[in-house]
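The values are calculated or read from the model by the stated rules, or taken from the named source; none is laboratory data. Since the structure is predicted, the reported quantities are computational estimates derived from the model, not experimental observations. A quick note on method: Cβ atoms are made from the backbone with ideal geometry, for glycine too, and the neighbour counts reach across all protein chains shown. For accessibility, only protein heavy atoms count, side chains too; no ligands or nucleic acids. Shrake-Rupley method; radii C 1.70, N 1.55, O 1.52, S 1.80 Å.
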Amino acid sequence: IGDLKQRCEVHDLDSPNDYRMLKHLARAGRTYMTPLGPDTDEAMDEFFGLLTKGRGTKPLTLQLRGRKLKVERAARKVDVARFGFDELCGKPLGAEDYLGLASAFHTIFVESVPQLSFNDINRVRRFTTLIDSLY
């Protein structure tokens with residue numbers, strides 16, 4: 001080992017993310033699930049359990065520039081959170097809130113996304129802002 005360290009440049013590959021878990025998502029071949037229903041709920045539960053390594057979730061409150069954002073289902077040790085659509089898009093949240101979530105969690109599950117129309121313009125705009133912020 002000492003000889004290798006003298007002759008080679010050493011790179012630390014330690015990461016807080018377990019990229020081996022991505023194979024489970026790739027196996028499903030998708031990053032979204034449709035149609036909504038019991039099978040989708042079960043698949044979401046399975047993937048959430050894999051990414052959280054079976055650890056439970058706890059409520060967490062994020063401080064975002066003086067605002068408090070409640071995260072009901074946070075697996076903080078693995079930086080994964082789960083939300084219902086209305087938790088994120090049915091409330092007056094904006095890009096700064098979503099960017100705060102993106103910096104706090106490496107994976108965010110959003111479940112029960114309804115079919116939207118322009119009659120739901122506020123939720124449509126928030127959803128668009130959420131997706132833009134997460135990318």
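Among residues belonging to the stretch 28-60 that are among the basic types (Lys, Arg) and either touching a strand residue (DSSP E or B) at 6+ places or on another chain (Cβ under 9 Å) or in contact (Cβ under 8 Å) with a residue 60 or more places away in the chain (or both), point out the one that is most open to solvent (accessible area, probe 1.4 Å).
Here the answer is Lys58.
Please determine whether any residue of the stretch 45-59 is assigned to a strand (DSSP E or B), more than 14 Å from Ile108 (Cα to Cα) and at pLDDT 90 or above.
Yes, there is a match, as at least one residue in the stretch 45-59 is assigned to a strand (DSSP E or B), more than 14 Å from Ile108 (Cα to Cα) and at pLDDT 90 or above.
What number goes with the only condition from (1) over 24 Å from Gly56 (Cα atoms); (2) assigned to a loop (DSSP other than H, G, I, E, B); (3) within 16 Å of the chain's Cα centre (by Cα) that Thr129 does not pass?
All conditions are met except number (2).
Looking at (1) under 13 Å from Leu134 (Cα atoms); (2) in contact (Cβ under 8 Å) with a residue 24 or more places away in the chain; (3) of a type in the set (Gly, Ala, Ser), which is the one condition that is false for Ser103?
Exception for Ser103: condition (2).
From the list Val113, Val78, which residue is modelled with pLDDT of 90 or more and hydrophobic (A, V, I, L, M, F, W, C)?
Val113
Looking at Leu69, is it open to solvent by less than 70 Å² (accessible area, probe 1.4 Å) and not in a strand (DSSP E or B)?
no
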